[in-house]
Amino acid sequence: MPSSAMPAARVRARRTARATTRRTAACAASAALLLAGLTACGEGAQAGDDGGPVKVGLITKTDTNPFFVKMKEGAKKSAEKHDVELSTAAGKFDGDNEGQVTAVENMVAAGVDGIMITPNDSEAIVPALEQARDKGVLVLALDSPTEPKTATDALYATDNHKAGELIGEYAKARMKGKKAKIAMLDLAPGVAVGTLRHDGFLKGYGIKDSDPSVVCSQHTQGDRSKGQTAMENCLQKAPDINVVYTINEPVALGAYKALKSKGRAEDTLIVSVDGGCTGVEAVKSGKIAATSQQYPLVMAEQGVEAVVQHVEKDTDLKGYYDTGVNLITDDAVQGQAAKDSTFGLDRCWG
Amino acid sequence: MSTTTAPAPSKPPSQAAQDPPAWKRFVHTPTAGPVLALLVASTFFSFQSDQFLSGGNLALVIQQIMVVGTLALGQTLIILTAGIDLSCGAIMAFGSIVMAKLAAEGVLPPLVAIAAGIGVCALLGAANGALVTFVKLPPFIVTLGMLNIAFALTHIYSDEQTVTQLPGELTVLGDTFPMGSTDISYGSVLTIVLFLVFAYVLGQTAWGKHVYALGNSPEVARLTGIRTARLRMTIFTVAGVIYGIAALLLVARTGVGDPKAGQTDNLDSITAVVLGGTSLFGGRGLVLGTLLGALIVGVFRNGLQLMGVGSIYQMLITGVLVIAAVAFDQISRRKQRS
């Protein structure tokens, strides 16, 4: 076979080579055309006042998380109400900074008046946002701040410290007269949201990190199955845990599963933060005792309104706007304001 | 497309190729599809949005595809040999963190830090090449392993921290210069120059012809006297160097060293290669096609955003385009053969 294949191969190689040259030429020509078009086409797009409808862009961390789906819904609702042209974009995965940078650039090119963004990377997004602001675009952070905070015109977010405090106070009241053994299922090291909720819970409970009643602390990345694993490990370490703080409801439900398989679900108090529909359902069915509900819909609604106000009345924005948080429980304690699960289900997301 | 008169079977192939008119020859090249797709898409978007055809916007598209486009250039070299590289994005991320961190912390002067970053990319590329060539492992498996290794190295070395406060040498490619009324980034120019260089190398040099021969049939290439082992090693290493340049472009574009970058860039680069008409079976395709492929993705992303269409639809359309591109390639080849 080799000896007969050789001449054929030579012919083939020669053909390939010649065809390649021709193709290269055709291709180079079309690339050159494109470049020529590029430079000939003139003036770039300008952001700002062009007399048309107000244009707002919303950039979320991902397209798939129900939290951001709700946020988008709020933006759409508000956009319809105020006759705003809304466009949306998202990172490809949680943490995708470059995708968000690209979205910011494209929205500026589209001539938006304002951009609302939940940054995937609080620091890395800053140069792109600064460029947008230099072109006169109003930039609002939703849900999570940038670093430094001054890189955006304003932040619309939950007071996460307060969200933690509410469930801390609640757990304290429920555990009155009993000796508490607390497990803390946290987010990840160095992430602001996680730290704020964690510290808030401890403050609400009236203890410090070093308190002997905190018998176990684990990072879960906010993931349900990691939450389950963390809880299993905590129960190995301290089988008598009776209070579980969780960073969000998926983790709370993971912890519930671990507790249930040990027969400990009934006598353990799980508290959480978020207010997603699955979470509030779990409050209703008693798996989770209480959760602090946050409102992504409100963040986006207020954001759109702020852009409209800014364009029409040139109002100045500064700093931080609290979008509210409510304690959701069907087993309220005396002296603490709370809403029941029906209220929560009306306003949940997911 | 053109179903007309197939050349008489008795004619020798080289002569037959010279007979049909130029446009017909063009339709049979692997770049016909992408050129057509790009033209149709651009026409469509220019009717949909006033901003689309502005110089500033088109410069922006090129700036947005320079990182994935450059990765896809390295990917093209490997796919031309019937290989595949799943690790390119992760290798780039590691290179970008190495150069960013070394420079930001002042361990090395900025230019040396850049060289070090490109160097580690070349090293990881060479490691891929050695495992494929000498241990004879399939490229898919080797680069799948390397994807995980490079990802882990990135996160270990960066300590999960974004690197900021970079010296100007690392971000200069993100700066722009005015050309007429349009601002063009230096990185865009570098990307296009890289593509032109490799278009020349692959099309006009002996080395380039050897690459195609290796992709067509490694056995035949070896028998015609090409040192295939050394060639394959070189291709993977050169691809690594190109990923290193992509790393520099990435740092320049975002202005930071970002350990989370590049996680979907391996598949995005393969998308660009496939859209550009390069066959995954090797031996057929052009680097300028890859540039067109990357531009198609960029144009759709940008154009749909200008129209206000959500990003999830951009993914939907990219998926349809990839399948359409491969189908187009298969059908046009079957027509050619019959």
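The values are calculated or read from the model by the stated rules, or taken from the named source; none is laboratory data. Small disclaimer: the values here were computed from a predicted structure and weren't measured. Don't worry about glycine lacking a Cβ; one is built from the backbone with ideal geometry, like all the others, and counts go over all protein chains shown.
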Notebook entry, point to check: Somewhere in segment B:289-308, is a residue among the hydroxyl-bearing types (Ser, Thr, Tyr), in contact with a Gly (Cβ under 7 Å, 6 or more places away or on another chain), outside any helix (DSSP H, G or I) and buried (at least 24 other Cβ atoms within 10 Å of the Cβ)?
Noted result: no
Note to self: Can you confirm whether B:Ile331 is part of a helix (DSSP H, G or I) and in contact with a helix residue (DSSP H, G or I) (Cβ under 8 Å, 6 or more places away or on another chain)?
What the structure shows: no
Next item on the list: Name the one entry in A:Met175, A:Met231, A:Met184 that is in contact with a Phe, Trp or Tyr (Cβ under 9 Å, 6 or more places away or on another chain), touching a residue at least 40 places away in the same chain (Cβ under 8 Å) and more than 23 Å from A:Asp330 (Cα to Cα).
Entry: A:Met231
Next item on the list: State the number of residues belonging to segment A:288-298 that are of a type outside the set (Val, Ile, Thr), in contact with a helix residue (DSSP H, G or I) (Cβ under 6 Å, 6 or more places away or on another chain) and in contact (Cβ under 8 Å) with a residue 60 or more places away in the chain.
Entry: 4
Next item on the list: Evaluate the following for B:Gln314: is it over 21 Å from the mean Cα position of the chain (by Cα), in a helix (DSSP H, G or I) and at the interface with chain A (Cβ under 9 Å from one of its Cβ atoms)?
Entry: no
Next item on the list: Being facing another protein chain (nearest Cβ under 9 Å) and assigned to a loop (DSSP other than H, G, I, E, B) is the filter here, so list the residues in segment A:55-87 that pass it.
Entry: A:Asp63, A:Thr64
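B:Leu214: in contact with a helix residue (DSSP H, G or I) (Cβ under 7 Å, 6 or more places away or on another chain), farther than 19 Å from A:Gly99 by Cα and among the hydrophobic types (A, V, I, L, M, F, W, C), yes or no?
Yes: the conditions hold for B:Leu214.
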Next item on the list: Could you tell me which residue of segment A:114-128 is modelled with the lowest pLDDT, considering only residues that are more than 13 Å from A:Thr60 (Cα to Cα) and buried (at least 24 other Cβ atoms within 10 Å of the Cβ)?
Entry: A:Ala124
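Name every residue in segment B:69-109 that is acidic (Asp, Glu) and either assigned to a helix (DSSP H, G or I) or crowded, with 24+ Cβ neighbours inside 10 Å (or both), in order of residue number. Full working, then the answer.
Step one: filter segment B:69-109 for residues acidic (Asp, Glu), giving B:85, B:105.
Matches in segment B:69-109: B:Asp85 only.
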Checklist line | Candidates B:Tyr212, B:Tyr243, filtered to the one that is within 7 Å of chain A (Cβ to nearest Cβ), part of a helix (DSSP H, G or I), in contact (Cβ under 8 Å) with a residue 60 or more places away in the chain and not hydrophobic (A, V, I, L, M, F, W, C) | finding: B:Tyr212
Check: Where in segment B:131-207 are there helices (runs of 4 or more DSSP H), lying wholly inside it, with at least 2 residues that are more than 22 Å from B:Ala116 (Cβ to Cβ)?
Finding: B:139-158, B:186-204
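Among the listed residues B:Phe281, B:Phe236, B:Phe300, which satisfies the condition of being farther than 17 Å from B:Gln75 by Cα and either in contact (Cβ under 8 Å) with a residue 60 or more places away in the chain or within 14 Å of another protein chain (Cβ to nearest Cβ) (or both)?
Being farther than 17 Å from B:Gln75 by Cα and either in contact (Cβ under 8 Å) with a residue 60 or more places away in the chain or within 14 Å of another protein chain (Cβ to nearest Cβ) (or both) holds for just one of B:Phe281, B:Phe236, B:Phe300, which is B:Phe300.
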Check: Quick check: is even one residue across segment B:165-181 polar (S, T, N, Q), within 13 Å of chain A (Cβ to nearest Cβ), surrounded by fewer than 15 Cβ atoms within 10 Å (Cβ to Cβ) and closer than 18 Å to B:Lys101 by Cβ?
Finding: yes
Note to self: Can you confirm whether B:Ala72 is within 14 Å of chain A (Cβ to nearest Cβ), at pLDDT 95 or above and under 30 Å from B:Thr228 (Cα atoms)?
What the structure shows: no
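Where residues in segment B:147-156 are within 22 Å of the chain's Cα centre (by Cα) and surrounded by fewer than 23 Cβ atoms within 10 Å (Cβ to Cβ), which of them is nearest to B:Ile79 (Cα to Cα)?
Looking at the filtered set, the residue picked out is B:Leu147.
So that you can scan it fast, the table gives a plain yes or no per residue for (1) under 20 Å from A:Lys318 (Cβ atoms); (2) more than 13 Å from chain B (Cβ to nearest Cβ); (3) not charged (D, E, K, R):
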| position | (1), (2), (3) |
| --- | --- |
| A:Ala89 | no, no, yes |
| A:Val101 | no, no, yes |
| A:Ser122 | yes, no, yes |
| A:Lys135 | no, no, no |
| A:Asp143 | yes, yes, no |
| A:Glu147 | yes, no, no |
| A:Thr150 | yes, yes, yes |
| A:Ala157 | yes, yes, yes |
Notebook entry, point to check: What is the number of the single condition among (1) touching a helix residue (DSSP H, G or I) at 6+ places or on another chain (Cβ under 7 Å); (2) at positive phi that A:Gly319 does not meet?
Noted result: (1)
Next item on the list: Among residues belonging to segment A:241-263 that are in a loop (DSSP other than H, G, I, E, B) and out of contact with any Leu (no Cβ under 7 Å at 6 or more places or on another chain), point out the one that is nearest to A:Ser217 (Cα to Cα).
Entry: A:Asn248
Note to self: Going residue by residue through segment B:217-230, is there one that turns out to be in contact with a Phe, Trp or Tyr (Cβ under 8 Å, 6 or more places away or on another chain), more than 9 Å from chain A (Cβ to nearest Cβ), at pLDDT 90 or above and surrounded by 24 or more Cβ atoms within 10 Å (Cβ to Cβ)?
What the structure shows: no
Next item on the list: Return a yes/no flag: does segment A:252-264 have any residue that is touching a Pro at 6+ places or on another chain (Cβ under 7 Å) and either among the small types (Gly, Ala, Ser) or not assigned by TED's automatic domain parsing to the domain that holds A:Ile115 (or both).
Entry: no
Check: Could you count how many residues in segment B:246-270 are among the polar types (S, T, N, Q), within 12 Å of chain A (Cβ to nearest Cβ) and part of a helix (DSSP H, G or I)?
Finding: 1
Checklist line | A:Glu105 vs. criteria over 13 Å from the mean Cα position of the chain (by Cα), more than 7 Å from chain B (Cβ to nearest Cβ) and more than 12 Å from B:Lys260 (Cβ to Cβ) | finding: no
Next item on the list: Could you tell me whether segment A:150-159 includes any residue that is touching a Leu at 6+ places or on another chain (Cβ under 7 Å), of a type in the set (Val, Ile, Thr) and in the same structural domain as A:Val283 (by TED's automatic domain parsing)?
Entry: no
